[in-house]
Amino acid sequence: IAVSGDDSTPLTPAFVAAALATCGLDGDRRLVATEHSATAEQAAAAVGVPTECIVKTLGFFCGGAPVVALVGGDDRVDAKKLGKLRGVGRRKVKMAGVEECVRVFGYEPGSFPPVGLRAHMDVLIDSSLMRHP
C-alpha cells in the first residue's frame with residue numbers, strides 16, 4: 001500500500017483496515033480499541049484483558065534504519081539484544097519519538113499497529129509472544 005500526502009499527519013484506522021484487507025484479513029479477526037492508549041496497561045484495561053495479552057508495537061532506529069518491534073505488554077525491549085540482531089551496538093539503537101513515529105511509521109505512540117506502516121521496513125516479533133497461542 002502506497003502512502004501519499006503529508007508525512008506529518010498520522011495515518012488512520014481505515015488505512016490499517018485496508019492493509020489487512022490486502023492480506024485477506026477481515027474485521028472478524030481483530031479487536032479495535034476506541035480510545036488512544038499511552039501504555040500497555042491502559043490498552044489492556046480498555047479491552048478487558050491482562051496486560052501480558054497486549055502486544056506493544058514499538059518503533060526504533062538501529063544504525064539509523066527504522067525497525068518495528070512487537071513485544072508483550074508486560075515486556076521491555078533490550079537495546080543491546082536489538083542492536084545485536086540488527087548488527088549495531090546498543091548506542092546505535094534509539095527509540096522513535098512522537099514526531100518520528102508519525103513521520104516514519106505513520107502513527108503516534110499508543111496507536112501504532114504492526115501493519116499498514118508508512119513505508120516497508122522490518123518487523124521483529126519477540127518469541128515470548130508465543131506464550132499466548
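Within the option set Val102, Val67, Val93, Val88, being in contact (Cβ under 8 Å) with a residue 24 or more places away in the chain, hydrophobic (A, V, I, L, M, F, W, C), touching a helix residue (DSSP H, G or I) at 6+ places or on another chain (Cβ under 6 Å) and open to solvent by less than 60 Å² (accessible area, probe 1.4 Å) holds for one residue only, Val93. Could you please let me know if Ser127 is over 19 Å from Ala17 (Cβ atoms) and open to solvent by 40 Å² or more (accessible area, probe 1.4 Å)? Judged against the criteria, Ser127 is a match.
Could you please find all residues in segment 64-96 being of a type in the set (Gly, Ala, Ser) and under 12 Å from the mean Cα position of the chain (by Cα)? Scanning segment 64-96 gives Ala69, Gly72, Gly73, Ala96. Within segment 105-117, being open to solvent by 30 Å² or more (accessible area, probe 1.4 Å) and within 9 Å of the chain's Cα centre (by Cα) holds for Pro109, Gly110, Ser111, Pro114, Val115.
The values are calculated or read from the model by the stated rules, or taken from the named source; none is laboratory data. Keep in mind it's a predicted model, so treat the numbers as computed, not measured. No Cβ is skipped: glycine too gets one built from the backbone with ideal geometry, and neighbour counts run over all protein chains shown. To get the accessible areas, we keep the full protein, side chains included, count just its heavy atoms, and leave off ligands, DNA and RNA. Shrake-Rupley method; radii C 1.70, N 1.55, O 1.52, S 1.80 Å.
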